[in-house]
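The values are calculated or read from the model by the stated rules, or taken from the named source; none is laboratory data. These numbers come from a predicted model, not from an experiment. FYI the Cβ positions are ideal-geometry reconstructions off the backbone, even for glycines, and counts take in every protein chain you see. Each accessible area value is taken on the protein alone, full model and side chains, heavy atoms only, with ligands, DNA and RNA left out. Shrake-Rupley method; radii C 1.70, N 1.55, O 1.52, S 1.80 Å.
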Amino acid sequence: MIYAMSDLHGCYDLYIKMLEKINFSDTDTLYILGDVIDRGDGGIKILFDMMKRKNIIPLLGNHDYTAQTLLSKLKKKANDEILAVFKMWLSDGGLPTYQAYKKLSDEDKKELLSYLNCFSVFEELEIQGRKFFLSHTVPSRELMMDFDNIDWQELIVGECEYDKVYFDDKYTVTGHTPTALIDYRYKGKIFEHKNHIAIDCGAVFTGTLGCICLDTLEKYYVN
Ligand SMILES: [Mn+2]
């Protein structure tokens, strides 16, 4: 089976609980749609677990990208501009990630940064006759319709228009925006509307992690 989850934000226990709930095995594949780290304190632990599993495919989130960029730059001499961005990152959820990162050996730091550097930005899949576009987020419909000219950063920070159909024949599966902020009635639940499937249940805020099976569209929750 093929699964997708997103925005683990350091919730290591929920991540493990979900793998157990879906009986995740070597014959399954799991896409994690970004923002593994920050806010919660188990992000780096999750990343090291993901690294060991060849059948977990990570996509890039804005938090993963920021951490990768800053931590790589900090290895060299950082200028004031980088330090200012670094401080912003720490106050935007980066602090627990940085604290855990500092404790790593040089070898583990290197391994972690090169792992984060290989996350892809989007994936397109066809499963059981259904088509899917997967990314951390998507920008406006207008920008998405001109996909060949899109700035790739739109796929990690863009603002999706959940009230518009982007593709008639394809589901857009994204994280980034906790579903409670799309429609409060979906707090802690996966949102599905107009061919959008929004899977960020806001685990670090709501205590609920969601996961969707892309073969069956069945939804799973742990808390
Ligand atoms: Mn995000």
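Below is a table of values for the structure above.
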{"read-out": "Unmet criterion (only one of (1) loosely packed, with under 13 Cβ neighbours inside 10 Å; (2) assigned to a helix (DSSP H, G or I); (3) within 16 Å of the ligand (Cβ to nearest atom)) for residue 152", "value": "(2)"}
{"read-out": "Some residue of segment 93-109 being free of Cβ contacts under 8 Å to residues at least 24 places away in the same chain, closer than 20 Å to residue 7 by Cβ, away from the ligand (no atom under 16 Å from the Cβ) and aliphatic (A, V, I, L, M)", "value": "yes"}
{"read-out": "Out of 22, 37, sole residue that is under 19 Å from residue 207 (Cβ atoms), touching a Ser or Thr at 6+ places or on another chain (Cβ under 6 Å) and aliphatic (A, V, I, L, M)", "value": "37"}
{"read-out": "Unmet requirement for residue 78, which otherwise passes all of (1) assigned to a loop (DSSP other than H, G, I, E, B); (2) touching a Cys at 6+ places or on another chain (Cβ under 9 Å)", "value": "(2)"}
{"read-out": "Residues of segment 163-205 that turn out to be farther than 23 Å from residue 39 by Cα and either modelled with pLDDT under 95 or surrounded by fewer than 19 Cβ atoms within 10 Å (Cβ to Cβ) (or both), as a count", "value": "12"}
{"read-out": "Pair list, Cβ under 8 Å, 6 or more apart: segment 127-140 residue at pLDDT 95 or above, other residue loosely packed, with under 14 Cβ neighbours inside 10 Å and part of a strand (DSSP E or B)", "value": "131/124; 132/124; 132/126; 133/124; 134/124"}
{"read-out": "Matching residues, segment 20-48, being open to solvent by less than 20 Å² (accessible area, probe 1.4 Å) and away from the ligand (no atom under 16 Å from the Cβ)", "value": "22, 28, 30, 42, 44"}
{"read-out": "Among (1) open to solvent by 10 Å² or more (accessible area, probe 1.4 Å); (2) away from the ligand (no atom under 16 Å from the Cβ) - the single one residue 160 does not satisfy", "value": "(2)"}
{"read-out": "Test: residue in segment 59-69 that is modelled with pLDDT under 95 and not in a helix (DSSP H, G or I)", "value": "no"}
{"read-out": "Residue among 120, 72, 91 that alone is at pLDDT below 95 and either closer than 24 Å to residue 33 by Cα or open to solvent by less than 30 Å² (accessible area, probe 1.4 Å) (or both)", "value": "72"}
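For every residue, the table says whether it meets (1) away from the ligand (no atom under 16 Å from the Cβ); (2) in a helix (DSSP H, G or I).
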position	(1), (2)
115	yes, yes
165	yes, no
188	yes, no
204	no, yes
211	yes, no
215	yes, no
